[in-house]
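Student: I have a structure I would like to understand better, so I am pasting it below and will then ask my questions one at a time.
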Amino acid sequence: RAALASTTSRFPFTPIDAQTDEQIHVPQGYRARVLARWGDALFTDAEGYDLAEGGPAAASDRIFGENTDGMESFPFRGHELIAVNHEYTNNDINLPAAQDGVPANADDVLKLQNLQGVTVMEIAEDENGWSVVKDSPFNRRIHHNTPMVLAGPAAGHALVQTSADPEGLNPLGTLNNCGSGKTPWGTYLTCEENFNGYFGANGELPTDELLAVGYTRYGISAEGWGYDYHKWDARFDVAANPNEPHRHGWVVEIDPTDPQSTPVKHTGLGRFKHENAEVVLARDGRVVVYMGDDERGEFLYRFVSNGIYTPGGSTEGLLDDGQLSVAKFNDDGTGEWLDLTPESTGMDMAEILIFSRSAGSRVGATTMDRPEWISVNPYAVEAYCCLTNNTRRGTRPNAGGDETPVGGPNPRAENQYGQIVRWFPHDDDHAAASFDWDLYVMAGNPAVHSDAYAGSANVTAGNMFNAPDGMAFDSTGLLWIQTDGEDSNEGDFAGQGNNQMLAGDPVSGEIARFLTGPKGSEVTGLCWSTDRRTMFVGIQHPGGSWPDGSGLPRSAIVAVTREDGGLVG
Ligand code: FEO
Ligand code: CA
Ligand code: CA
Ligand code: CA
């Protein structure tokens with residue numbers, strides 16, 4: 001299972017060099033064209049939204065939001081639908097009239113709330129390529145104020161009740177939508193990552209011990225991260241609404257085919273800084289969801305449903321009624337899933353789900369180097385997870401106090417490059433209690449280093465990268481790897497250029513660079529058209545004036561095709 005040198009390349013393209021400019025690059029014979037940019041109208045009544053001056057708050061939930069991230073495609077009755085996340089806002093870009101991007105009034109905050117979340121949109125292809133179908137009945141913006149329902153064992157618990165929702169069943173909004181997932185029954189999963197940053201306190205943080213421990217572990221502070229929602233929208237003021245943060249940090253299910261449907265927050269999948277949610281079926285048809293918690297020293301999770309999925313059957317409870325576990329990796333290449341139960345944690349079920357991080361600490365889960373996307377190989381019973389980087393391993397415990405020793409799948413202390421771990425479930429069953437694991441790749445820089453920081457044998461001066469983050473297998477079994485790292489192209493990162501997307505052969509271990517993003521950007525989010533002749537790739541937080549060439553930089557999805565019309569995965 002070790003990465004072997006291959007003699008014949010599986011890659012249907014000629015790898016490209018690292019780049020440092022403000023353009024997108026793809027291999028010869030391919031082209032990349034913009035599908036949708038921040039500010040593009042999804043409805044004709046929002047045309048002309050003024051990006052330079054800042055458009056009206058009333059139109060800000062009628063346009064394509066900022067900072068595209070995870071996305072999935074949904075063929076439906078002849079329509080091509082895409083659901084895509086808008087992770088966060090650059091406030092200085094979205095609020096050009098506000099001093100330093102600091103919201104000056106409730107309208108500014110509403111605008112930021114509207115420009116994040118999720119877009120569901122219909123797209124269509126003609127001789128000029130793909131574009132958004134304006135005014136399609138499927139087009140929809142889901143944002144920080146969209147009504148949702150809370151489902152699963154923690155729904156209705158005292159810790160999720162607020163004065164506006166005393167039953168604890170009807171939260172508003174989904175926050176910091178990072179990675180994504182797709183269920184076998186055709187719904188979209190959007191994952192709430194850095195939800196903590198939107199909260200602040202006008203006054204003292206609550207001192208109740210359970211709340212205070214949770215705030216510390218999840219990073220909720222009186223100041224917040226600069227969104228300043230709490231100064232204009234009391235829902236985000238934890239001094240007034242101490243339980244509101246417990247209503248975020250979940251995986252949210254959306255039916256992209258029904259614009260009237262209410263999104264569902266599934267408490268059964270645990271509450272943490274969710275990266276993505278990779279769904280696969282166990283051998284007996286139970287639903288398995290793999291999830292990473294992207295923070296230094298946090299954990300890898302797995303959910304296994306109690307019920308069986310049957311096509312066309314009821315999906316009730318399949319993402320809530322089951323067992324949540326955390327991964328423990330042993331140094332000898334084996335590992336196990338530790339169940340989070342009242343017996344193993346000393347916590348009640350709702351507390352296990354609301355404070356999953358604390359539950360994971362209590363059972364001795366392995367602290368990881370920031371788990372980002374997880375992807376399951378469609379041709380082998382194995383799963384891959386990007387561990388993006390961690391320069392504090394061994395020197396600082398995580399926010400909950402767990403030590404973070406060097407070892408196992410986290411073998412480097414000053415890990416500025418990251419690695420991809422994979423596991424092979426025993427009995428070829430994703431629901432098995434144990435697994436074997438190895439490292440598919442350790443990123444590094446063989447041009448600068450000759451020790452462990454040079455990376456594994458499948459990293460060369462010609463394909464090197466840092467900070468693997470997004471990841472997806474295509475239908476041919478190639479593993480696509482997207483990066484969100486340092487693009488200075490200097491020092492430890494010399495020769496690595498801009499962030500990029502590479503293809504990996506899971507069998508040989510060979511890796512080849514396919515696409516480079518514009519300077520300053522992260523490449524994140526990947527899905528395909530139904531006919532597999534187009535791959536849609538997300539470009540988040542570009543620099544310069546990409547893609548327009550003048551004016552503000554605009555995060556966008558690009559459609560990548562072959563000039564000969566061939567398949568692209
Ligand atoms: Fe939003 Fe961990 O990436
Ligand atoms: Ca990410
Ligand atoms: Ca990242
Ligand atoms: Ca990002």
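Student: Run down Thr524, Thr530 and say which single residue is of a type in the set (Ser, Thr, Tyr) and within 16 Å of ligand 1 (Cβ to nearest atom).
Tutor: After ruling out the rest, the residue left standing is Thr524.
Student: Trp437 passes all but one of (1) away from ligand 2 (no atom under 16 Å from the Cβ); (2) more than 18 Å from Gly408 (Cα to Cα); (3) not β-branched (Val, Ile, Thr); which number fails?
Tutor: Exception for Trp437: condition (2).
Student: Could you tell me whether any residue of the stretch 208-225 is surrounded by fewer than 20 Cβ atoms within 10 Å (Cβ to Cβ) and within 16 Å of ligand 4 (Cβ to nearest atom)?
Tutor: The answer is yes, given that some residue of the stretch 208-225 is surrounded by fewer than 20 Cβ atoms within 10 Å (Cβ to Cβ) and within 16 Å of ligand 4 (Cβ to nearest atom).
Student: A follow-up question, please. If you check Glu80, Glu22, which single one turns out to be in a strand (DSSP E or B), modelled with pLDDT of 95 or more and not aliphatic (A, V, I, L, M)?
Tutor: Exactly one of Glu80, Glu22 is in a strand (DSSP E or B), modelled with pLDDT of 95 or more and not aliphatic (A, V, I, L, M), namely Glu80.
Student: Only residues that are touching a residue at least 60 places away in the same chain (Cβ under 8 Å), more than 27 Å from Asp228 (Cβ to Cβ) and touching an Asp or Glu at 6+ places or on another chain (Cβ under 6 Å): list them for the stretch 90-135, please.
Tutor: Ile123
Student: Out of the residues in the stretch 288-318 meeting the condition of being polar (S, T, N, Q) and in contact (Cβ under 8 Å) with a residue 12 or more places away in the chain, tell me which one is farthest from Leu338 (Cα to Cα).
Tutor: Per the criteria, the residue is Thr310.
Student: Tell me the strands (runs of 3 or more DSSP E) entirely within the stretch 417-477 that contain at least 2 residues that are modelled with pLDDT of 95 or more and touching a helix residue (DSSP H, G or I) at 6+ places or on another chain (Cβ under 9 Å).
Tutor: 434-442
Student: Tell me the residue from Thr216, Thr174, Thr190 that is out of contact with any helix residue (DSSP H, G or I) (no Cβ under 6 Å at 6 or more places or on another chain) and assigned to a strand (DSSP E or B), please.
Tutor: Within the list Thr216, Thr174, Thr190, the selection yields Thr190.
Student: Something else about it: When you look at Thr395, is it at pLDDT below 95, polar (S, T, N, Q) and in a loop (DSSP other than H, G, I, E, B), yes or no?
Tutor: So Thr395 fits the description; yes.
Student: Take Ser305 and tell me if it is among the hydroxyl-bearing types (Ser, Thr, Tyr), closer than 20 Å to Val251 by Cα and surrounded by fewer than 19 Cβ atoms within 10 Å (Cβ to Cβ).
Tutor: Taking the combined requirement at face value, the residue does not satisfy it.
Student: Further question on the same structure: It is to be established whether one or more residues within the stretch 331-347 are more than 25 Å from Gly156 (Cα to Cα), surrounded by 18 or more Cβ atoms within 10 Å (Cβ to Cβ) and of a type in the set (A, V, I, L, M, F, W, C).
Tutor: Yes, because at least one residue in the stretch 331-347 is more than 25 Å from Gly156 (Cα to Cα), surrounded by 18 or more Cβ atoms within 10 Å (Cβ to Cβ) and of a type in the set (A, V, I, L, M, F, W, C).
Student: Does any residue of the stretch 474-495 turn out to be of a type in the set (Val, Ile, Thr) and within 16 Å of ligand 3 (Cβ to nearest atom)?
Tutor: Within the stretch 474-495 (the criterion being of a type in the set (Val, Ile, Thr) and within 16 Å of ligand 3 (Cβ to nearest atom)), the answer is yes, since at least one residue qualifies.
Student: Which residues, taken from the stretch 97-111, are assigned to a loop (DSSP other than H, G, I, E, B) and surrounded by fewer than 21 Cβ atoms within 10 Å (Cβ to Cβ)?
Tutor: Ala97, Ala98, Val102, Ala104, Asn105
Student: Please enumerate the residues belonging to the stretch 319-349 that are under 23 Å from Ile254 (Cα atoms) and either more than 23 Å from the chain's Cα centre (by Cα) or in contact (Cβ under 8 Å) with a residue 40 or more places away in the chain (or both).
Tutor: Leu319, Asp320, Asp321, Gly322, Leu324, listed by residue number.
Student: Determine, yes or no, whether Tyr215 is of a type in the set (Phe, Trp, Tyr) and closer than 23 Å to Thr119 by Cα.
Tutor: In short, no.
Student: Now for a separate question. Can you pull out the residues in the stretch 534-566 that are surrounded by 16 or more Cβ atoms within 10 Å (Cβ to Cβ) and either more than 27 Å from Ser488 (Cα to Cα) or within 16 Å of ligand 2 (Cβ to nearest atom) (or both)?
Tutor: Selection gives Thr534, Met535, Val537, Gly538, Ile539, Gln540, His541, Pro542, Ser555, Ile557, Thr561, Arg562.
Quick grid of which residues meet (1) modelled with pLDDT of 95 or more; (2) touching a His at 6+ places or on another chain (Cβ under 6 Å):
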position	(1), (2)
Thr162	yes, no
Gly173	yes, yes
Glu192	yes, yes
Phe199	yes, no
Glu204	no, no
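Student: Kindly provide the set of residues from the stretch 444-500 that are more than 19 Å from Arg422 (Cα to Cα) and within 16 Å of ligand 2 (Cβ to nearest atom), ordered by number.
Tutor: Asp484, Gly485, Glu486, Asp487, Asn499, Gln500
Student: To continue, here is another question. Among the residues of the stretch 478-518, how many are surrounded by fewer than 20 Cβ atoms within 10 Å (Cβ to Cβ) and within 16 Å of ligand 4 (Cβ to nearest atom)?
Tutor: 1
Student: Among the residues of the stretch 112-129, count how many are within 24 Å of the chain's Cα centre (by Cα) and either part of a strand (DSSP E or B) or within 16 Å of ligand 2 (Cβ to nearest atom) (or both).
Tutor: Selection size over the stretch 112-129: 8.
Student: Still on this structure: Which members of the stretch 209-259 meet the condition of being acidic (Asp, Glu) and either under 22 Å from Ala151 (Cα atoms) or modelled with pLDDT of 95 or more (or both)?
Tutor: Scanning the stretch 209-259 gives Glu223, Asp228, Asp233, Asp237, Glu244, Glu253, Asp255, Asp258.
Student: A further question follows. Please count how many residues of the stretch 174-215 are at positive phi and touching a Phe, Trp or Tyr at 6+ places or on another chain (Cβ under 9 Å).
Tutor: 2
Student: If you scan the stretch 193-213, which residues turn out to be part of a loop (DSSP other than H, G, I, E, B) and under 22 Å from the mean Cα position of the chain (by Cα)?
Tutor: Glu193, Asn194, Phe199
Student: Next question. Going residue by residue through the stretch 161-175, is there one that turns out to be buried (at least 16 other Cβ atoms within 10 Å of the Cβ), among the polar types (S, T, N, Q), out of contact with any strand residue (DSSP E or B) (no Cβ under 7 Å at 6 or more places or on another chain) and in contact (Cβ under 8 Å) with a residue 60 or more places away in the chain?
Tutor: There is at least one residue in the stretch 161-175 that is buried (at least 16 other Cβ atoms within 10 Å of the Cβ), among the polar types (S, T, N, Q), out of contact with any strand residue (DSSP E or B) (no Cβ under 7 Å at 6 or more places or on another chain) and in contact (Cβ under 8 Å) with a residue 60 or more places away in the chain.
The values are calculated or read from the model by the stated rules, or taken from the named source; none is laboratory data. Please read all numbers here as calculations on a predicted model, not as lab measurements. Every residue, glycine among them, receives a Cβ derived from its backbone with ideal geometry; neighbour counts consider all protein chains shown.
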